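Inspection log for the structure reproduced underneath, given as structure tokens.
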Amino acid sequence: MTTQDFLSYMDSGREVIAFSDVHLKMTELSNEAMKITAELNSAYHTPGEIKGLMESLTGREFPDGAYMFPPFYTDCGKNLKIGRNVFINSCCQFQDQGGITIGDGTLVGPKTVIATINHHQNPSKRANLIPKPVVIGKNVWIGANVTILPGVTIGDGAIIAAGAVVNKDVRENTIVGGVPAKYIKDVDTEV
């Protein structure tokens, strides 16, 4: 199975059967990601070196203005799409096998977790996986220690308060917080 075949399968949202060809490719890509992130996280790197490592990890161009503070962790990398001028703070963990898209100008706080995979609820199928993408709009601000769960879409300009667990879609230009995250108020765009 090629990486493109794997990504097409994962983006379809179909169940991944344990020990299937898709699952084995998932393991292969995870091992590759561990190798690259171990290098990324093991020493200081210049912005140019970080860009090169992220391009190796994702198989995509690391866009203009995008930057991160390692350490950074991911279980795949190949299904991570990062926009221009995105900032990813330290100690973030992205489970991108199900697909993560981060829009231009978004700020991701330290220790953010983005999950895109659930295990099957049926105990006899528990090792099977259900992928659901996370889509984060443009100019979103994600506070420290936020967890974003599979299948969530966050609208442009939204703010996610520190420590929130986001299990539902977030409307654009709104502020949410808490566990689970709930609407707090609209973003004041007049300030």
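The values are calculated or read from the model by the stated rules, or taken from the named source; none is laboratory data. Model, not experiment: these values are computed from the prediction. Positions of Cβ are generated from backbone atoms using ideal geometry, with glycine treated the same way; all protein chains shown enter the neighbour counts. Side chains included, ligands, DNA and RNA excluded: accessible areas come from the protein's heavy atoms. Shrake-Rupley method; radii C 1.70, N 1.55, O 1.52, S 1.80 Å.
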Residues within segment 12-36 that are open to solvent by 30 Å² or more (accessible area, probe 1.4 Å) and closer than 16 Å to Asn118 by Cβ, tallied: 6
Within segment 80-103, considering residues that are in contact with a strand residue (DSSP E or B) (Cβ under 8 Å, 6 or more places away or on another chain) and of a type in the set (D, E, K, R), the one farthest from His23 (Cα to Cα): Lys81
Complete set of residues in segment 110-139 that are over 19 Å from Lys168 (Cα atoms) and either of a type in the set (D, E, K, R) or in a strand (DSSP E or B) (or both): Lys111, Lys125, Arg126, Leu129
Within segment 152-170, considering residues that are in a loop (DSSP other than H, G, I, E, B) and not aliphatic (A, V, I, L, M), the one most open to solvent (accessible area, probe 1.4 Å): Lys168
Residue check for Asp75: modelled with pLDDT under 95 and under 23 Å from Ile154 (Cα atoms): yes
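Rundown of residues vs (1) surrounded by fewer than 21 Cβ atoms within 10 Å (Cβ to Cβ); (2) among the basic types (Lys, Arg); (3) farther than 23 Å from Phe6 by Cα; (4) at pLDDT 95 or above, yes/no style:
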site: Asn89; (1), (2), (3), (4): yes, no, yes, yes
site: Ile102; (1), (2), (3), (4): no, no, no, yes
site: Thr106; (1), (2), (3), (4): no, no, yes, yes
site: Ile117; (1), (2), (3), (4): yes, no, no, yes
site: Asn128; (1), (2), (3), (4): yes, no, no, yes
site: Val146; (1), (2), (3), (4): no, no, yes, yes
site: Pro150; (1), (2), (3), (4): yes, no, no, yes
Condition check for Asn79: polar (S, T, N, Q), more than 30 Å from Thr189 (Cα to Cα) and open to solvent by less than 40 Å² (accessible area, probe 1.4 Å): yes
Residues that are aromatic (Phe, Trp, Tyr) and under 10 Å from the mean Cα position of the chain (by Cα), drawn from segment 74-97: Phe94
